[in-house]
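First comes the structure, then the notes that go with it.
The values are calculated or read from the model by the stated rules, or taken from the named source; none is laboratory data. Owing to the predicted nature of the structure, the values given are computational and were not obtained by experimental measurement. In this analysis, Cβ positions are derived from the backbone assuming ideal geometry, glycine residues included, and neighbour counts consider all displayed protein chains. Surface areas here come from the heavy atoms of the whole protein model, side chains and all, with no ligands, DNA or RNA. Shrake-Rupley method; radii C 1.70, N 1.55, O 1.52, S 1.80 Å.
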Amino acid sequence: MPKRNTESQPISSVLQEFLTGSKLEKGLNKVTVEAMWHQVMGPPITKYTKTLRWAPPVLHVYLSSSVLREELHYGKDKIIALMNQELGETLVESIIFK
């Protein structure tokens, strides 16, 4: 039976080690990216968002308005930068509007 580690560690490092070891990180990132879309874009655009699908590193956004889809397409780089800034890491490298 292995000995217990008696050194104190910050809970954040213990949780991070657990997440990477248990492969839960991808699922948590998916939920985080979807929540960040709604936070960054706000209620007016969220209202027209049908579904989101994140296939790392691409975010697929299904919209119910073709006019909004074209408008968002022009600001794609800014949206990606805002999302990654809020996430604190580069999880979204591209966005595809459908």
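Some observations on this one:
- Scanning the range 32-55 for residues that are open to solvent by less than 70 Å² (accessible area, probe 1.4 Å), within 18 Å of Thr90 (Cα to Cα) and out of contact with any Asp or Glu (no Cβ under 7 Å at 6 or more places or on another chain) yields a count of 7.
- Of the residues making up the range 6-27, those that are among the aliphatic types (A, V, I, L, M), assigned to a helix (DSSP H, G or I) and open to solvent by less than 90 Å² (accessible area, probe 1.4 Å) number 2.
- Residue in the range 68-81 that is in contact with a helix residue (DSSP H, G or I) (Cβ under 8 Å, 6 or more places away or on another chain) and either part of a loop (DSSP other than H, G, I, E, B) or under 25 Å from Leu19 (Cβ atoms) (or both) present: no
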